[in-house]
Amino acid sequence: MTTAPAAPGPPPAALAARARAAAHAHRPPEPCTCPEGTLADRPDGLVVRHGHVVAKAHAPAADPAPLARRLAAAARLSDVFLAPLDGTPVPLHGRPVTRWPYAEPVDPDDPDAAPWEAAATLLARLHRAPVQAAEVPVSRGPAKAARAVARLRDAAGGHPAAGPVLSAWAALPGWARGAGPAPDRPALCHGDFHLGQLVRLPGGSWRLIDVDDVGLGTPAWDLARPAAWFACGLLAPDEWARFLGAYRAAGGPAVPAAGDPWPALDVPARALTVQTAARVLAACLADGRGPDEVEVVFVDACARMAGLPRSVAGEPAPDPTP
C-alpha cells in the first residue's frame, strides 16, 4: 500500500508566532525574555512554547470539527484536562492549531516521582464523567493501534520479524482492532494515556493533556499501557499496585472494585503490547537496526501471545472439527 506524503504543515517559527501573540496579548511584547522552544516535532503534531503559552499544530489529517468537540470536553472537564485557551482550532498552513497554557510535564529522569496516584485519579474522574454520545466522537485508541499495525505491514514487506506481531494482532477480538464497537458500556476516555500526557499546574495539581484521541470508548483502554508494561516486567509491581489502587479508590469503572482486574484488562493490554511492538519494529526496520533491550520485550511478548489459543485473547477458539 502506498501512502500519500503528509502535508508539510507550519514551520516552527510560524507556530511560535501564534504562541507569542497569545502570550503577549495583554502586555507589550518587547523586551521579551520569555522561555521558548519546540517541545515536540512529530508527524502527528508540532508543539512549541512561548512563555506561558503552548501552540500545537495537529496532524495533517485531523478534522477540525471532531477536534472542536474534544476541545469542548476538555474545557468542560477542567478538573481533569488542561483547559484550552481557544474553543475552536484555527488553520495554519493546512493544519488545525490549538493554544494551551504551559504547565510542567512529568520529569522522565525522576521515575520515583512519577505521579501514578494522581494519574489514576484523573482517569477515574474522566471515566465517571457524564457525557452524551453526541458530545464527543468515538475514542481513537483502537484505531490508533490499527494504524500502527498497518504501518508495520507497509514497512516489513514480509520480513519474518513482523510475523509474531501480526499474528498476535490477528488473535485479538475485532473491537480491539478498531473493527467494531466494544462489548461493554462506553465511557469518556483519553484514548492514548501514558505519563507523558500529564502536566503539573503552578499550584501543584496534575492535569491530562493531548485531546486528539479523546472520545467514547472502553475505559480499560486507558489503563492498558501501564498494565502492559507491568505484564511485560517493565513496571514495578508496587507502582502498578499504586496506580490500580488509586483508580479503584476513586471509583474508576474500568475494573471491578476488588478482586482480579485482568478479565477487564487482558484484551486492551494485549492490544497496547501489539501497538507498541508494531511501532518500535517499524522504526527498527526503517532505521536498519535491531530492537534495543526494552523494545525487544514487546516483540517477545507478541511471540508469546501469538502462541496462545484465540479463546485466551477474547474470542472463541476455532472449532477443530471439519
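The values are calculated or read from the model by the stated rules, or taken from the named source; none is laboratory data. It should be emphasised that the depicted structure is a prediction, and the values quoted were computed from it without experimental measurement. Cβ placement follows ideal geometry from the backbone for every residue including glycine, while neighbour counts extend to all protein chains displayed. SASA here: full protein model, heavy atoms, side chains in, ligands and nucleic acids out. Shrake-Rupley method; radii C 1.70, N 1.55, O 1.52, S 1.80 Å.
Laid out as a table, the results:
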item	result
R0 of 22 Å, Cβ-Cβ distance Asp184-Ala72: FRET efficiency to nearest 0.05	0.30
Under 19 Å from the Asp41 label point (7 Å along Cα→beta-carbon), backbone N, region 97-121	97-98
Cα gyration tensor shape of region 100-208, rounded if a/c is under 1.5, else prolate or oblate by comparing a/b with b/c	oblate
Degrees, to the nearest 10: 262-287 long Cα axis against longest axis of the chain	70
Mean Cβ neighbour count within 10 Å, used as a protection proxy, ranking 107-113, 234-240 highest first	234-240, 107-113
Cα gyration tensor shape for region 163-322, rounded if a/c is under 1.5, else prolate or oblate	oblate
By accessible area with a 1.4 Å probe, ligands and nucleic acids excluded, highest first: order of Phe81, Phe230	Phe230, Phe81
With all protein chains modelled, accessible area of His52 [1.4 Å, Å²]	100
Solvent exposure, largest accessible area first (probe 1.4 Å, DNA, RNA and ligands not counted), of Thr88, Thr121, Thr98	Thr88, Thr121, Thr98
In Å², nearest 10: area of Glu36 left accessible to a 1.4 Å probe	130
Dipole magnitude (debye, nearest 20) for region 41-186, charges at Cβ of Lys, Arg, Asp, Glu	680
Net length gained if the chain between Ala83 and Arg147 were fully extended (0.36 nm per residue, minus Cα distance)	20.2 nm
Percentage, to the nearest whole number, of Cα pairs in region 192-245 over 12 Å apart	70
Gained length - Ala21 relative to His159, 0.36 nm times residue gap less alpha-carbon distance	44.8 nm
Point-to-point label distance, Ser167-Ala13, nm (Cα→Cβ direction, 7 Å offset)	5.3
Region 33-128, relative contact order in percent, only Cα pairs under 8 angstrom and at least six apart counted	23
Percent RCO, i.e. relative contact order, over the chain, from Cα pairs under 8 Å lying at least 6 residues apart	18
C-alpha center-to-center spacing [region 241-311, region 148-182] in angstrom	14
For the chain, the Rg and Dmax computed from alpha carbons only, in angstrom	20.4, 80
Solvent accessible area, Å² - Val274, 1.4 Å probe, full protein context	0
Inter-label distance for His93 and Ala257, nm, one decimal - labels placed 7 Å from Cα along Cα-to-Cβ	5.2
Nearest-20 debye value, the chain charge dipole, Cβ charges on Lys, Arg, Asp, Glu	920
Computed FRET value (nearest 0.05) for Asp63 with Arg289, which takes r as the C-beta separation and R₀ as 35 Å	0.50
